[in-house]
Amino acid sequence: MLIAEEYRALIAVVQEKGLESEQALGDILVDISIHHMDRYMRRYLDKATTGVIDFDDLCQSFLIGCSEAVAIATSDIGCPLAFILQKGRWKALNELGKTYRRDLRQICYECGADTKLFGKSGAPVCRKCGIEGYQYIERYEVTKKDEGTILLATDVRKDLQEVVASEIFVEGFQNRLTGRKREVFDLIIHGGYDRGSCKNYIASIADRLGISSSNVNLRLRAIKEDWATYLIDMKEGVS
């Protein structure tokens with residue numbers, strides 16, 4: 001495994017765009033593939049095995065994002081590896097998000113409309129009647145054969161991980177959180193404590209933090225409310 005100084009040296013070689021640039025980039029990506037990619041991408045394995053996107057393609061997007069990050073990383077300030085890995089993760093999430101928007105639909109049980117996804121502040125909104133919330137609207141995945149025959153329709157109700165991690169503003173939002181909210185958020189977004197990785201992720205978080213499951217649920221509701229406020233602030237230019 002490469003150490004920080006070796007990463008800085010290789011990044012400098014890549015950015016010089018000389019004869020050894022391609023080899024240096026290859027060394028970085030091989031090290032990331034072997035020692036870091038699994039930790040960053042494993043949490044999305046279940047989301048990439050439901051017919052929505054191939055997991056290998058998702059990992060490829062991650063490495064492309066890492067490669068793009070190497071070209072702009074500042075090797076002498078902070079931790080360049082953390083920057084590269086985060087850019088790779090965002091690239092993969094953007095690809096996953098595009099695929100979900102293409103292959104997901106929603107049905108409104110209030111008016112019966114079956115439409116493409118639509119929502120605001122992380123909540124689904126019916127395109128036809130305008131009613132909001134998961135208690136009225138179900139989102140489902142549709143996988144089709146070439147001739148259009150539906151093979152699979154599975155509920156893919158979005159959890160906190162999918163709502164928050166799909167936004168490029170996640171780091172700014174994270175910095176707003178304190179105390180237990182920050183701890184719960186970090187475990188879900190960075191620690192792999194989500195529905196895909198844990199049989200009961202609420203109980204797992206509660207056990208990790210030494211608090212009750214109801215306490216975790218309370219923090220989750222508060223985080224979602226903070227997230228809705230954060231989106232509004234970003235639209236209005238409030239930092």
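No lab work stands behind these numbers, since they all come straight from the coordinates. Since this is a predicted model, take the numbers as computed values, not measurements. So basically every Cβ, Gly included, is an ideal-geometry build from the backbone, and we count neighbours across all protein chains shown.
What the table below lists for this structure:
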quantity: Order of THR178, THR74 - criterion: other Cβ atoms within 10 Å of each residue's Cβ, fewest first; calculated: THR178, THR74
quantity: Per-residue Cβ neighbour rank within 10 angstrom, fewest leading, LYS87, LYS120, LYS199, LYS181; calculated: LYS199, LYS120, LYS181, LYS87
quantity: Cα gyration tensor, region 4-101 - rounded (a/c under 1.5), prolate or oblate; calculated: prolate
quantity: Under-5 Å amide H pairs with LEU117, H placed in peptide plane, nonlocal only; calculated: GLN106
quantity: Ranked SER212, SER67, criterion: other C-beta atoms within 10 Å, fewest first; calculated: SER212, SER67
quantity: Computed FRET value (nearest 0.05) for LEU209 with LEU45, which takes r as the C-beta separation and R₀ as 41 Å; calculated: 0.95
quantity: Built amide H within the under 5 Å cut-off of ILE131, gap 5+; calculated: CYS126
quantity: Inter-label distance for ILE34 and LEU218, nm, one decimal - labels placed 7 Å from Cα along Cα-to-Cβ; calculated: 4.8 nm
